[in-house]
Amino acid sequence: MGIYSKVKRFVGKAIFGYNMLSAGDRIIVAISGGEDSLVLAYFLSEWKRMLRVEYELIGVHLDMGFPRDEEEYAEGIKWLESFCKELGIRFLYQKTDCGKQAMEVEEKGITSPCFVCSWHRRKHLFRLAEEFNANKIAFGHHQDDLLVTFFINMFYHGELSTILPVQEMFKGKLYLIRPLVFVEKEMIAKFVRQQGWRVLKNPCPYSSKTKRKSIEEFLKECIYPLGKRVKKSIFNAMFNPKIDYLPKKPNN
């Protein structure tokens with residue numbers, strides 16, 4: 001089975017398994033220009049064509065305001081707009097100060113810049129969803145993101161939890177959907193290389209220093225090499241909790 005068929009099958013598994021798409025949906029697709037977001041946009045467009053279900057896709061790229069090579073960035077945005085046009089996706093570019101606010105809290109040592117940036121980015125997307133009367137926002141989180149988040153929450157927050165494939169917000173007025181949850185990061189990268197797509201550089205100055213990056217490297221170097229099926233087994237475990245065999249909190 002080719003890489004296209006594999007990714008399409010896994011995306012279909014998520015879409016049908018969690019009832020992610022319905023006729024009449026208006027979906028904001030978060031498109032950073034990274035590999036994950038490109039594959040997300042492509043396969044949402046593909047499934048729309050194959051299902052013949054009428055739902056609208058609005059590709060949104062948020063300029064986070066981080067320092068970068070302006071000429072290179074402008075060329076990347078131009079390519080991204082063309083990419084969306086070919087897929088029949090309406091493209092929207094908006095400037096934000098999310099990155100600026102993240103850098104300010106980092107300089108003052110107030111809190112994590114990643115938390116601030118993510119919070120403001122999501123808030124901006126929520127505002128756009130309301131403005132465009134969208135009922136869903138699609139993110140490009142993949143299998144590896146679920147695994148890394150699971151370990152972050154276990155190691156640092158003392159809980160067993162991770163990213164949800166479908167997440168209800170505002171009492172059902174809005175849903176966050178993640179069609180790539182069954183697709184491995186490596187598979188996404190391979191598909192992008194095969195397609196020859198242009199990938200926008202991530203200008204975030206903290207991207208290589210995050211807790212998420214550290215856990216990702218830890219899993220890759222120390223955990224997954226323990227056996228061929230270890231990664232798959234951990235991923236399956238998240239969908240197969242044995243609640244009766246997990247200790248309950250004591251009464252006092």
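The residues in region 13-30 that are out of contact with any Pro (no Cβ under 9 Å at 6 or more places or on another chain) and either part of a helix (DSSP H, G or I) or over 27 Å from residue 126 (Cβ atoms) (or both) can be counted, and the count is 2. Among the residues examined, residue 43 qualifies as modelled with pLDDT of 95 or more, in a helix (DSSP H, G or I) and touching a helix residue (DSSP H, G or I) at 6+ places or on another chain (Cβ under 8 Å). Taking region 164-181 as the range and being within 12 Å of the chain's Cα centre (by Cα) and either modelled with pLDDT under 95 or not β-branched (Val, Ile, Thr) (or both) as the test, the residues that pass are 164, 165, 176, 178, 179, 180.
What pairs come up if the first residue lies in region 194-218 and is at positive phi, the second is surrounded by 15 or more Cβ atoms within 10 Å (Cβ to Cβ) and assigned to a loop (DSSP other than H, G, I, E, B), and their beta carbons are under 6 Å apart, counting only those six or more places apart or on different chains? Every condition considered, no pair remains. Does region 48-68 hold any residues that are in contact (Cβ under 8 Å) with a residue 40 or more places away in the chain and either surrounded by fewer than 14 Cβ atoms within 10 Å (Cβ to Cβ) or more than 26 Å from residue 88 (Cα to Cα) (or both), and which are they? Answer for region 48-68, where residues must be in contact (Cβ under 8 Å) with a residue 40 or more places away in the chain and either surrounded by fewer than 14 Cβ atoms within 10 Å (Cβ to Cβ) or more than 26 Å from residue 88 (Cα to Cα) (or both): 66, 67, 68. Pairs are defined by a Cβ separation below 7 Å, a sequence spacing of at least 6 or placement on different chains, a first member in region 8-25 that is over 12 Å from residue 136 (Cβ atoms) and small (Gly, Ala, Ser), and a second member that is buried (at least 17 other Cβ atoms within 10 Å of the Cβ) and at pLDDT 95 or above; the pairs so defined are 14/20; 14/165; 14/179; 14/181; 14/182.
Residue check: residue 33 meets all listed conditions (1) part of a loop (DSSP other than H, G, I, E, B); (2) in contact (Cβ under 8 Å) with a residue 60 or more places away in the chain; (3) out of contact with any helix residue (DSSP H, G or I) (no Cβ under 8 Å at 6 or more places or on another chain) but one, namely (3).
Among the residues of region 73-85, the one identified as small (Gly, Ala, Ser) and buried (at least 17 other Cβ atoms within 10 Å of the Cβ) is 76. Any chance region 153-171 includes a residue that's free of Cβ contacts under 8 Å to residues at least 60 places away in the same chain and crowded, with 18+ Cβ neighbours inside 10 Å? There is at least one residue in region 153-171 that is free of Cβ contacts under 8 Å to residues at least 60 places away in the same chain and crowded, with 18+ Cβ neighbours inside 10 Å. Looking across 185, 228, 213, one residue alone is among the charged types (D, E, K, R) and more than 30 Å from residue 16 (Cα to Cα). It is 213. Considered as a group, the residues in region 86-140 that are touching a helix residue (DSSP H, G or I) at 6+ places or on another chain (Cβ under 6 Å) and without any contact (Cβ under 8 Å) to a residue 24 or more places away in the chain include one that is surrounded by the most Cβ atoms within 10 Å (Cβ to Cβ), and that residue is 116.
Does residue 59 qualify as being at pLDDT 95 or above, in contact with a Lys or Arg (Cβ under 7 Å, 6 or more places away or on another chain) and within 28 Å of residue 210 (Cα to Cα)? Criteria met by residue 59. If you go through region 199-237 and pick out every residue that is over 30 Å from residue 69 (Cα atoms) and loosely packed, with under 15 Cβ neighbours inside 10 Å, you end up with 14.
The values are calculated or read from the model by the stated rules, or taken from the named source; none is laboratory data. Keep in mind that this is a model prediction, so the values were computed, not measured. Because the Cβ atoms are built from the backbone with ideal geometry, glycine has one as well, and the counts that use them run over all protein chains shown.
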